[in-house]
Each structure stands twice: as structure tokens, then as C-alpha cells.
1. Quick check on this structure: which one of Ala227, Ala234, Ala238, Ala251 is more than 18 Å from Ala193 (Cα to Cα), without any contact (Cβ under 8 Å) to a residue 60 or more places away in the chain and crowded, with 16+ Cβ neighbours inside 10 Å?
2. Restricting the search to region 148-201, which residues are modelled with pLDDT of 95 or more and of a type in the set (D, E, K, R)?
3. Considering Gly210, Gly243, Gly278, Gly228, which residue is outside any strand (DSSP E or B) and of a type outside the set (Val, Ile, Thr)?
Amino acid sequence: MMDNNTNNNMDMNNNRQFNNDGTEIGATPILTETTKRRRKPWLKIAIILIVVGLVFTAIGAATGALNPGESVSASLQPISHIDIRTGSAAIVVVEGSEFSIEFRDISNTNYRIDNGRLVFDYTGRNTGTFNIVGVNVRRPQVTVVVPRGHTYTLDLQASSGSIRVEDLNFDTANVRSSSGSIRLYNITANQLATSASSGSIRLTNVTADGLSARASSGSVRLNNVDAGTTELSASSGAIRVEGLDFRHLTAETSSGSIRVENARPMLDSVANLRATSGSIRFDTAGGRQNTGLSTSATSGTIRIDGDCVQGGTSAAAGSLHTVSARTTSGSIRINFI
């Protein structure tokens, strides 16, 4: 005769359910050696995937892959050289408290920093942002902010986008645009070269040992510039200068006029102005001694105004300018005070 406990155990055993592999449903699984061996490869694969993800994240940070409109700051190394080339995107370089780079409406945002050299090279075309009637209201642009108080080397080139640089010091700076304008403000450089094929060039508050500005079919304009050697040329555009300290000045235009006002020649300075089918006007204000001026216009007028004798009591202060003026089919007017 079985007791009640025995009957209860038999009832419980009769109610147990099992899986096809013989394990009881609801029972705590027992990790056999076979199960452990099966799980180890998957664990290794998971660890490898995590490591690979971290590596690619680090690479993305180093190469600077960004989504359009995003920006990154605080570079991993100091930047001394800025090298940017774009197609239709505008370029802006300004100073700030720390490095940052921002892309606006640009599909390719990969850049790199190698040994202090910032490189971004994407000459593809970006159309920008249009409004409902199809008018381009915002052009693509790359903006770079570099820490203030440093001297940089600058190489900028844009095919059909404008270039603007402000408040920076450079050892050498080369700025080129095919069909966009160039604007430089508050710049100090040892050597500064700018060129635009079919866009205008404007330099304001610039100091340089050597400066050149060349425009094929656009104008060249300088305001408050101090440059030892200044070379200006425009094939079919005007040259305008307001406030210029120089030692050697060359200005040439094929089918535009040349106007230099408030020029302040340095000691033993030389100025050569040439216009093929435009007029020339040169105005000195407070220039130093022994300034030689040569002007030539094929079919335009020439006007020269300025001081012939400097103030002071020394003999050197009374040295005369040397002036040469030639025109084929225009008038010449020279007025010295």
C-alpha cells in the first residue's frame, strides 16, 4: 500500500512535459561542455565586431567624414597649412578660439589632417539650396575656423565659388578662383598672390612684403594696403587703389582704367602704370623722396597729381620725383604742389 506522498510524486511526474531533445520544459538549462563549445565562436565574433566598429569610428574622426551641415571642432593636432580645393562651393577662412570646419550643402565632406596640413579636395558640383520658384537662395560652402595668434600657409582654389579670408597672418598665401570673387580683409603675409579668371578681387587692410592681384575679366580693388612690391593686372577690368604704401608698383590693364589715389611711395620707389585702352590717374599724398613714375596709355588720358617736394629742412627732403607720361590718342595732365 502506497502512502499519500508517493501518490503525489507520481502525479507530479505524470504532469511533467519534455522538449524533443529530452529536456524538461521550464527547467533551468544545464550548460554542457558541448553547449559551451558552440557558444564560444559567437562570443569571439561579437568581440571582433565591436573592435572593428571602434577602429572605423577612430578612422572617421581622423579623416573628418561629416554629414552636410555638421561641423567638427578641436582637431587632434595643430594646423599650420590650409589646403582647400572646391568646385562650385564657396570657401571661407576666418580666425577663432579653436579649430572647426563646417560644410553646407556639400555632398562630399571628407577631409584629412596630415602633419599639420588640413586638406579638403572636392571639385564636384553642388547646386545648393533652391526655393519654391527655383531661385538659388543658398550656395554650398565650406567654412574653416583656425585659432588666432598663429601664422599659416594658405592654398585656396575654387572653380566657380567665391573665396573670403579674414583676420589672419600668413607666411605665404595663394588664392585662386576661376569664376568667383576673392575678398581678403585684415591680412598680414610675407607673400600674397591672388588671381581670378572672371571674378573680381578686393583686398582691404592688407600688409605684405610682396603682393600680386591678377584678374582676367574682372576688376582689382585695393583699400589701405602696405606692400613692398605690388603687382596688379586686369585684362578687361578696372584697377582701383585707395591708400597704398609701396616701394615697387606695377599696374597694367588692357581695356580698363587705372586709378591710384592717396599713394604713399617709400624711399626710392618706382611706379609703372600701363593702360591700353583706358585712362590713368595717379595721386600721391605724402610720398617720400626719389620716386620714379612711368605711365603709358594708348588711347586714354593720363592725370598725375601729387607732391613734388617733401616737407622738412634737409636736402634729401627736397628731392624731385621722376615722371614719365606717354599717350597715343589721349591727353596728359600733371599737377605738382
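The values are calculated or read from the model by the stated rules, or taken from the named source; none is laboratory data. Just so it is clear, the model here is predicted, and its values are computed rather than measured. Every residue, glycine as well, gets a Cβ built from its backbone with ideal geometry; the counts of neighbours run over all protein chains shown.
1. On the way: Ala227 fails: more than 18 Å from Ala193 (Cα to Cα); Ala234 fails: more than 18 Å from Ala193 (Cα to Cα); Ala251 fails: more than 18 Å from Ala193 (Cα to Cα).
Going through Ala227, Ala234, Ala238, Ala251 in turn, the sole match is Ala238.
2. Asp155, Arg164, Glu166, Asp167, Asp171, Arg176, Arg183, listed by residue number.
3. Values: Gly210 fails: outside any strand (DSSP E or B); Gly243 fails: outside any strand (DSSP E or B); Gly228 fails: outside any strand (DSSP E or B).
Answer to the check: Gly278.
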